[in-house]
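Asker: Structure incoming, see below.
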Amino acid sequence: MSIPRKRFDTLVIGAGGGGLRAALQLSQAEANVAVVSKVFPTRSHTVAAQGGINAALANVLPDNWHWHMYDTVKGSDYLGDQDAIEYMCRAASHIVIELEHAGVPFSRLNNGKIYQRAFGGQSQDFGGEQAARTCAAADRTGHAILHTLYQQNIRAKTHFFDEFFAIDLIKDEEGYILGAVILSIETGEPYIIEAKTTLLATGGAGQIFRTNTNARINTGDGMAMALRADIPIQDMEFFQFHPTGIAGKGMLITEGARGEGGFLVNKNGERFMERYATHAKDLASRDVVSRSIAIEVREGRGCGPKGDHVLLKVDHLGADVVAKRLPGIRDTVLTFLHMDPVEKPIPVFPTAHYTMGGIPTNRYGQVVAPLGQGAEEPIPGLYAVGECACVSVHGANRLGGNSLLDIIVFGRAAGNDIIDFLKENRFHRPLDEGSVDQALSRLARWDQRGEGESVDALRQELQQTMEDYCGVFREEKVLQEGVNKVKAMEARLAAVRIQDHSSVFNTQRIEAMELENLFDVALATVTSALARQESRGAHSRVDYPERDDEHWLKHSLFYKKDHRLDFKPVRTKPLSVDSFPPKPRVY
Amino acid sequence: MKFLIYRYNPEKDQAPYMQEFTLDNIEPGMMLLDALLRIKADKDETLSFRHSCGEGVCGSDGININGSNGLSCITPLSQLKQPVEVRPLPGLPVIRDLVVDMSQFYQQYRAVKPYLIVHDPEPEIERLQSPHDRDKLDGLYECIMCACCSTACPSFWWNPDKFRGPAALLQSWRFLADSRDQATAQRLEELEGAYKVFRCHTIMNCVNVCPKGLNPTKAIGNIKKLMLKRLI
């Protein structure tokens, strides 16, 4: 079979904020870029980001990047790499101003500057008063940024492959990444994209959990592609549960609701966060607030007939503030709860939200792995940014407002580094046919006909298992059972059959390949969680309640082969300032 | 609950047809998307439709529901008359089942230059914009490009290649209304002619169906007013 081949300087897989920011940098430098996305770019999940993007602009309260850096290191529970964190926080103001210049419709202050709101985990002067660091476009900041970046890419004439699914990376025997085999969802035809550089920007994997704030497309495709290319993925035990998903349903209610003055209450009407975080209260870090809610519910102070949630009050803020600053979440609550948050408090519960772990990279966006010479050797031709990557700026717990920042800062940085790489690597390397065949066999597997388990049933079982065995609170026995169950389920994948064998817009075949990806990521998550015998950030072990810097101040690396785990040190040395040594984390 | 769903697979079917499905155990609060997913999981895995975020922000799942365009993920089943007739968005070529080819729609979007154009050098800080000027973008920038409006517009059905359509014109106005944009004359010039704007006959289907409550007709009116002002 002869498969159409196309050649580009750079292949970007994923058209969210990270992919589009990188593509824009490259197109503006006149590199020949292809962006491949399984959905039309503006449908990417960046569109759902609500609260905003952090930068120490000091438009509302005093601020500087060094305070932002301190908060991020502390928020990461000291697992974040301090060189990357310094780089990100230093770049933030410039990056946000660039976005404004590109057209993002930020909300404004009376003096015409960008509006900034308070968000969780933010402080002035290294742990002092609350800061206001989150630049917002109402509560639709992700939408505003994603649409603007897509629009600027139209202007820069970036080449888009809309509704193409990436099957696998192409890799040669020397370890170079040469592009990917992709599938046109519309026609069912595979294509080979040969590229001198490939950037993975495929987003997170919230779909490994049943109740999540994520879109259906967030299936960890890039992480799974990396795993299948023998690249490990890092720190997968750290999964963020957002404190305020709509209880039982999962739709996100932005932290901005608390940033604007909202707060949480239990069934006694008590503002319980005052007990858990005397200083920051409702604006403590997300891991802290999520655990506090879970404890309130577990100890019988939950609300509702089943006592299974708490309430988020914004009804005291007044209709004006809600209309101006939180219009999107008001719509969501009206639509899904048939009530108005201006009048009644919102039932909320911690909900799977963000993958802190991912494909290990350095601060240039280069994918790095131990290849024999050191812990962090670049894999030639491969880059990753955003939620699918782990650079690591979020460490064990991400601060609200730092994910949009992460994708823009490192999307841009990766774009710049790729431009340099292209100058030194001017020619395409010969294609590795064996690697192409391997990718095609992954596709061909789903041509098998007959009766078998269904994709949908197995996915639901996986999601339920991950929720039950790898949730907010974790312990050895339960995690071990989780590992066993996920492995047993993975073995059943071979018996799954799809009933749709059409070429044209076959969504079932896509879902089947997404399910394979979910299994790879879920196994990485639960296996890494079982191994880490301490509590740090979002990873809370009931049996190891303390952080253990002596043994566990290190990153974990999970390999697909034999489900092996390896570890590497945290980069505690920043670029120019003193490092922030681990301290007890109090909010 | 009874559903009649438009089916067409170009590899198998000579012509499209409506297929009936019945779902039991409809729970309160269920959206049409939940029903479609259940039908796909339990009744017929070959049913094809687009969807992603499930909360009305990504704009993937615009379809025609009982004759009116909307997003399946935020359309409650409790509001729908039975049997629920589900069809692809009208006026665009059908690829398969509920999936339409949106190329023409996107083409019109690109044609209005939907990006900020500024000729002045970039300042070191953000460009200032008063809250009052920023308010003018509310009701415009929130568009999710679901195509519910343009595919509800008879003028777009007749001239999808020439008439920009309500979604693209809403975006055109979003940039004309932006105090930072400096391409007003160019934008208006490019909208001249009998078709691009003036095929709008204020039928207002676009306003009625917009799932985000936006008002493309008003935006088109504003463009026309501005064009007129330039003439005199």
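Asker: Using 1/(1 + (r/R0)^6) with R0 = 45 angstrom and r between the beta carbons of B:K225 and A:Q28, what's the FRET efficiency to the nearest 0.05? Don't skip to the answer; put the middle values down first.
Answerer: Values: r = 35 Å, r/R0 = 0.79.
Calculated value: 0.80.
Asker: Pick out, in residue order, every one of the trypsin sites (Lys or Arg not before Pro) in region B:1-76 that is DSSP loop and has at most 14 other C-beta atoms within 10 Å; say none if there are none. Don't skip to the answer; put the middle values down first.
Answerer: Working: sites: B:K2, B:R7, B:K12, B:R38, B:K40, B:K43, B:R50; in loops: B:K12, B:R50.
Those satisfying the criteria are B:K12.
Asker: So, one more: Compactness ratio of chain B: Cα Rg over 2.2 N^0.38 Å, N = residue count? Kindly include the intermediate steps, with their values, before the conclusion.
Answerer: Working: Rg = 20.0 Å, N = 232, 2.2 N^0.38 = 17.4 Å.
After normalising by residue count via 2.2 N^0.38 Å, the value is 1.15.
Asker: Just tell me which aspartates and glutamates come within less than 19 Å, Cα to Cα, of A:K568; anything on the same chain fewer than 8 places away is out.
Answerer: Within the straight-line cut-off, A:K568 pairs with A:D77, A:D81, A:D83, A:D230, A:D235, A:E237, A:E376, A:E377, A:E534, A:D548, A:D549, A:E550.
Asker: Given Cα positions, please report Rg to Rh for region A:132-242, the hydrodynamic radius being the Kirkwood one. Provide the component values of the computation, followed by the final result.
Answerer: Details: Rg = 16.9 Å, Rh = 16.8 Å.
Value, to two decimals: 1.01.
Asker: Can you list residues from other chains, or at least 5 along the same chain, whose modelled amide H is less than 5 Å from the amide H of A:F161?
Answerer: A:V35, A:V36, A:S37
Asker: Please give the calculated 222 nm ellipticity per residue for chain A, where each DSSP H segment of at least 4 residues contributes -39500 (n - 2.57) and the sum is spread over every residue; nearest 500 deg cm²/dmol? Numbers along the way, then the final one.
Answerer: Values: 16 runs with 202 residues, N = 587.
-11000 deg cm²/dmol, from helical runs alone.
Asker: Okay, moving on. Out of every Cα pair in region A:315-458, what percent are spaced more than 29 Å from each other? Walk me through the numbers before you get to the answer.
Answerer: Numbers: 5210 of 10296 pairs.
So the pairs more than 29 Å apart make up 51 percent of the total in region A:315-458.
Asker: Okay, next question. Tell me, what HN-Hα J-couplings in whole Hz come from the Karplus equation 6.51 cos²θ - 1.76 cosθ + 1.60 at θ = phi - 60° for each residue of region A:193-203, using x for Gly and Pro?
Answerer: 9, 8, 9, 6, 9, 10, 10, 8, 9, 9, x
Asker: Ok, one more. Under a point-charge model restricted to the Cβ atoms of Lys and Arg (+1) and Asp and Glu (-1), what is the dipole moment magnitude of the protein assembly as shown relative to its Cα centre, in debye to the nearest 20? Could you put the intermediate results ahead of the total?
Answerer: On the way: 94 positive and 103 negative charges, 413 e Å.
Using Cβ point charges on Lys, Arg, Asp and Glu, the protein assembly as shown gives about 1980 debye.
Asker: Another question, then. If contacts are Cα pairs under 8 angstrom and at least 6 residues apart, what is the relative contact order of chain A in percent?
Answerer: Details: 1394 pairs, mean separation 127.4, N = 587.
The normalised contact order for chain A reaches 22 percent.
Asker: Quick one: if you take sqrt(5λ) for each eigenvalue of the C-alpha gyration tensor of region A:219-373, what semi-axes come out, biggest first, whole angstrom?
Answerer: Working: eigenvalues 247, 63, 45 Å².
The answer is 35, 18, 15 Å, longest axis first.
Asker: Not counting ligands, DNA or RNA, and with a 1.4 Å probe, what is A:H159's accessible surface area in Å² rounded to the nearest 10?
Answerer: My reading of the accessible area for A:H159 is about 90 Å².
Asker: For A:V310, what is the net charge nearby, where nearby means another residue's Cβ is under 12 Å from its Cβ and Lys, Arg count +1, Asp, Glu -1? Don't jump to the answer; show the numbers that get you there.
Answerer: Numbers: positive: A:K267, A:R271, A:R298, A:R301, A:K313; negative: A:E270, A:D282, A:E296, A:E299, A:D308.
With Lys, Arg at +1 and Asp, Glu at -1, the neighbours total 0.
Asker: Two decimals, Cα atoms only, Kirkwood Rh: what is Rg/Rh over region A:51-139? Please list the in-between numbers first.
Answerer: Values: Rg = 12.7 Å, Rh = 13.1 Å.
Reported Rg/Rh (Cα atoms, Kirkwood Rh): 0.97.
Asker: What is the packing order of peptides A:255-265, A:217-227, taking the mean over residues of other C-beta atoms within 10 Å and listing the highest first?
Answerer: Highest to lowest by the protection proxy: A:217-227, A:255-265.
Asker: Measure off 7 Å from each Cα along the Cα-to-Cβ vector at B:D24 and A:A444, then give the distance between these two points in nanometres to one decimal.
Answerer: In this crude label model, B:D24 to A:A444 measures out at 4.4 nm.
Asker: So, one more: Evaluate the Kirkwood expression for the hydrodynamic radius of region B:163-214, namely the inverse of the mean inverse distance over all pairs of different C-alpha atoms, and round to one decimal in Å. All intermediate terms of the calculation are to be shown ahead of the outcome.
Answerer: Numbers: mean 1/r = 0.0827 Å⁻¹.
That comes to 12.1 Å for region B:163-214.
Asker: Shifting gears a bit: Each residue of region A:561-568 in turn: what ³J(HN,Hα) in whole Hz from Karplus with 6.51, -1.76, 1.60 and θ = phi - 60°, glycine and Pro shown as x?
Answerer: Values, residue by residue: 5, 6, 6, 6, 10, 9, 9, 9 Hz.
Asker: On the protein heavy atoms, probe 1.4 angstrom, tell me the percent of accessible surface of the protein assembly as shown carried by carbon and sulfur. Intermediate results must be reported in sequence, preceding the final value.
Answerer: Details: 14380 of 29250 Å².
Roughly 49 percent of what the probe reaches on the protein assembly as shown is carbon or sulfur.
Asker: Please give the total accessible area that chains A and B bury against each other, computed with a 1.4 Å probe and expressed in Å² to the nearest 100.
Answerer: Values: alone 21670 and 12420 Å², together 29250 Å².
Between A and B, the summed buried area is about 4800 Å².
Asker: Another question about this same structure. Given a 1.4 Å probe, how much area per residue of region A:51-139 is accessible, in Å²? Could the numbers behind the result be given before it?
Answerer: Details: 2050 Å² over 89 residues.
That works out to 23 Å² per residue.
Asker: How many Cβ atoms of partner chains, on average, are near each residue of B:27-38 if near means within 10 Å of its Cβ?
Answerer: Details: counts 0, 1, 5, 0, 2, 0, 1, 0, 0, 0, 2, 1.
Per residue, the number of nearby Cβ atoms from other chains is 1 on average.
Asker: Return the long-range amide H neighbours of A:G203 (sequence gap of 5 or more, or a different chain), with a cut-off of under 5 Å between placed amide H atoms.
Answerer: Here the answer is A:E387, A:C388, since their amide H atoms fall under 5 Å of that of A:G203.
Asker: Report, in degrees rounded to the nearest 10, the 0 to 90 angle that the Cα long axis of helix B:165-176 makes with the longest principal axis of chain B.
Answerer: Tilt relative to chain B: about 30 degrees.
Asker: Continuing with the same structure: Which links in A:K74/A:K423; A:K157/A:K196; A:K487/A:K573; A:K249/B:K136; A:K313/B:K212; A:K38/B:K2 stretch past 29 Å when you go from one Cα to the other?
Answerer: Cα-Cα > 29 Å for A:K74/A:K423; A:K487/A:K573; A:K249/B:K136; A:K38/B:K2; rest within.
Asker: Can you work out the FRET efficiency for the pair B:T202 and A:A494, with r the C-beta to C-beta distance and R0 = 56 Å, to the nearest 0.05?
Answerer: Numbers: r = 59 Å, r/R0 = 1.05.
That pair, B:T202 with A:A494, gives E of 0.40.
Asker: Next question, about the same structure. Using only the Cα atoms, work out Rg/Rh for chain A, with Rh taken as the Kirkwood radius, to two decimals.
Answerer: Details: Rg = 22.6 Å, Rh = 23.8 Å.
Rounded to two decimals, Rg over Rh is 0.95.
Asker: Continuing with this model, one more query. Going highest first, how would you order B:28-34, A:369-375 by mean Cβ packing within 10 Å? Numbers along the way, then the final one.
Answerer: Details: B:28-34: 17.9, A:369-375: 12.9.
So the order, starting with the most tightly packed, is B:28-34, A:369-375.
Asker: Would region A:220-297 count as rounded, prolate or oblate if I go by the C-alpha gyration tensor, calling it rounded below 1.5 in a/c and otherwise prolate when a/b exceeds b/c, oblate otherwise? Spell out each step's value before the answer.
Answerer: Details: a/c = 2.80, a/b = 2.41, b/c = 1.16.
Taking the square roots of the gyration eigenvalues as a ≥ b ≥ c, region A:220-297 is prolate.
Asker: A follow-up question, please. What number, in nm² with one decimal, is the all-direction average of the projected area of the convex hull of the alpha-carbon atoms of region A:528-569?
Answerer: Here the figure is 3.1 nm², rounded to one decimal.
Asker: Now, a different point. How many partner chain Cβ atoms sit within 10 Å of a residue's Cβ in peptide A:156-163, on average, as a whole number?
Answerer: Values: counts 1, 0, 0, 0, 1, 0, 3, 4.
If you average over the peptide's residues, the count of other-chain Cβ atoms is 1.
Asker: Shifting gears a bit: Ignore the peptide's own chain and count Cβ atoms of other chains within 10 Å of each Cβ in B:133-142; give me the average, rounded. Walk me through the intermediate numbers first.
Answerer: Details: counts 2, 9, 3, 1, 4, 6, 0, 1, 10, 10.
Mean partner-chain Cβ count within 10 Å for B:133-142: 5.
The values are calculated or read from the model by the stated rules, or taken from the named source; none is laboratory data. Since the model is a prediction, treat every value here as computed from it, not as a measurement. Methodologically, a virtual Cβ is constructed for each residue, glycine included, from the backbone with ideal geometry; neighbour enumeration extends over all protein chains shown. In case anyone asks, the SASA skips ligands and DNA or RNA and just uses the protein heavy atoms, side chains included. Shrake-Rupley method; radii C 1.70, N 1.55, O 1.52, S 1.80 Å.
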